[in-house]
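The values are calculated or read from the model by the stated rules, or taken from the named source; none is laboratory data. The structure displayed is predicted, hence computed values, not measured ones. Don't worry about glycine lacking a Cβ; one is built from the backbone with ideal geometry, like all the others, and counts go over all protein chains shown. The accessibility values were calculated without ligands, DNA or RNA, using every heavy atom of the protein model including side chains. Shrake-Rupley method; radii C 1.70, N 1.55, O 1.52, S 1.80 Å.
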Amino acid sequence: MASLQDLGNIPIVGAGTPRAQTLQGAGDGHARRRHAGSRRTTTSRRLIDIYGAAQGRDLGSVATDIKPILAAAQKELPRGSQIIVRGQIDTMTTSFVGLLAGLGLAIVLVYLLIVVNFQSWLDPFIIISALPAALAGIVWFLFLSHTTFSVPSLTGAIMCMGVATANSILVVSFAKDQLAEGAEAARAAVEAGFTRFRPVLMTALAMIIGMVPMAFGLGEGGEQNAPLGRAVIGGLALATVATLFFVPSVFALMHGGKAAPQGPALQEANVEP
């Protein structure tokens, strides 16, 4: 029953009455009280819907403020009654859980894929050591730009993980080649940082410059995708620095205790006539 008219159209039959008549024909009815919620019945249980919307604030902070209010109201409810939060808050929570799980799963799958390609458990760990810097850059840039976490920003974080990992693979792969040729671990790491400086920087700058228009939210509806561009820019900015300086340092530290293998030229030089 959505209105008072629906209630008045209910047919009623009295004792000794030959035919039925409507409820509104037997009396007058009018509304005595109005409220913002609406009452409906579902699965044989009464349900009252209370609608609300966030205005001038992000949905996450509003949901945080609502939680203690609902917790206090839950204690005063009659037995058998409960409060359930639905709508955009429920959708937001589900989306965040799914994207965060996807981000963690992406990191794990990338690590396992690199393990298969490098045939090592140590080198993939060195490669993904730049990812914490990428996550820190995302949080830092979103904080400076007064941007809240959202589905687009988490999507940008997943994109940033792929580019940061690809750049780290370039550095570590070249360092391993230098190590195989007989160079020391520290020397191989320094050579990898210098040699791969331009490719890594060009890849990161191409991605960052391409995301600048999106980060400014230009065009109609551009503000919705602006968090994605800002997340990519902040993550790649710190991830590039970590790839060129931190990753070589970790490589030198992890491989520092290994003796440099001797190549064919060094073996021939040690043979006496």
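Element breakdown for the chain at a 1.4 angstrom probe: carbon and sulfur atoms account for 62% of the accessible area. Excluding ligands, DNA and RNA, the accessible surface per residue across the chain is 67 Å² with a 1.4 Å probe. The modelled label-to-label distance between Phe216 and Lys67, using points 7 Å beyond Cα along the C-beta direction, is 3.8 nm. Specify the angular offset, from 0 to 90 degrees and rounded to the nearest 10, of the alpha carbon long axis of helix 151-180 from the longest principal axis of the alpha carbons in the chain. For 151-180 against the chain, the angle is about 10 degrees.
Taking Ala231, Ala204, Ala180 as the candidate residues, the one with maximal mean-square fluctuation in a Gaussian network model of the chain, Cα springs under 10 Å, is Ala180. If R0 is taken as 35 Å, the Cβ-Cβ distance between Arg46 and Gln224 corresponds to a FRET efficiency of 0.40. Annotation: peptides 4-11, 161-168, ranked by per-residue average of other Cβ atoms within 10 Å with the highest first, follow the order 161-168, 4-11. Over the C-alpha atoms of the chain, the Rg to Rh ratio, Rh being the Kirkwood estimate, stands at 1.31.
Taking a point 7 Å out from the Cα of Phe197 in the direction of its Cβ, the residues of the range 222-257 whose backbone N falls within less than 13 Å of it are 244-245.
Over all orientations, the range 148-194 has a Cα convex hull whose mean projected area works out to 4.0 square nanometres. For the chain, the relative contact order works out to 19 percent when only alpha carbon pairs closer than 8 Å and six or more residues apart are counted. Computed over the alpha carbons of the range 144-253, Rg followed by Dmax gives 16.5, 57 Å.
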